[in-house]
Amino acid sequence: MNYDVSTIVTATRTKKTHRFIDVTINSATPEEGKEIADSISRIMNDPGRLGIYLKALTAYNTQMSVITPPETRRGNTLPGLVSEVGLRTLIGLLIGVALAFLLDYIDPYMRSREEVEDVLQVPVVGEIPRSRRGAAA
């Protein structure tokens, strides 16, 4: 299928990173995006046609090649974004609860008379009572 120039221009975004040019195609359908990406890939792989479109680069003895072939994937949609945030929140909560149990399990402090007697295997002779906050003296 043939697309006009304005369709290709509005669908194409490029980003230059060091010596690489990353081309992103945003289109209404995956098929349209795949066709545009395949066309760009064919142009980039054909030295004769590339020279026509990018004559300025030939002055610098530039070589171009497609490193990763075009791939189609769905962009973020509202239901996909909501499910991703929900899943990340659930995973964060599970990790937090697991970490709290782990820290309690490896806590070296003894907090009750029974714990001290169990660990030391001797009876406790005396203990300092806890103060009651807010109680009248």
If I ask for residues that are over 27 Å from the mean Cα position of the chain (by Cα) and at pLDDT 70 or above, which ones from region 5-34 would you list? 6, 7
Here the qualifying pairs (Cβ atoms under 6 Å; residues six or more apart or on different chains; first in region 1-29 and within 25 Å of residue 77 (Cα to Cα); second of a type in the set (D, E, K, R) and modelled with pLDDT of 70 or more) come out as 15/22
List pairs: first in region 111-137 and of a type outside the set (A, V, I, L, M), second at pLDDT 85 or above and surrounded by 10 or more Cβ atoms within 10 Å (Cβ to Cβ), Cβ under 8 Å, 6+ apart or cross-chain? 113/124; 117/124; 123/117; 127/113
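Where residues in region 35-49 are at pLDDT 75 or above and polar (S, T, N, Q), which of them is farthest from residue 69 (Cα to Cα)?
Filtering region 35-49 for residues at pLDDT 75 or above gives 35-42.
Filter once more, so that each one left must be polar (S, T, N, Q): 39, 41.
On the way: 39: 11, 41: 7 Å.
Of everything passing the filter in region 35-49, 39 is farthest from residue 69 (Cα to Cα).
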I'd like the residue in region 83-119 that is of a type in the set (A, V, I, L, M), part of a helix (DSSP H, G or I) and surrounded by fewer than 10 Cβ atoms within 10 Å (Cβ to Cβ) and, out of all such residues, is modelled with the lowest pLDDT. 119
Only unsatisfied item for residue 54, checking (1) under 31 Å from the mean Cα position of the chain (by Cα); (2) at pLDDT below 70, is (1)
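The values are calculated or read from the model by the stated rules, or taken from the named source; none is laboratory data. In this text, all values refer to a predicted model and were calculated from it rather than measured experimentally. Cβ atoms come from the backbone with ideal geometry, glycine included; neighbour counts cover every protein chain shown.
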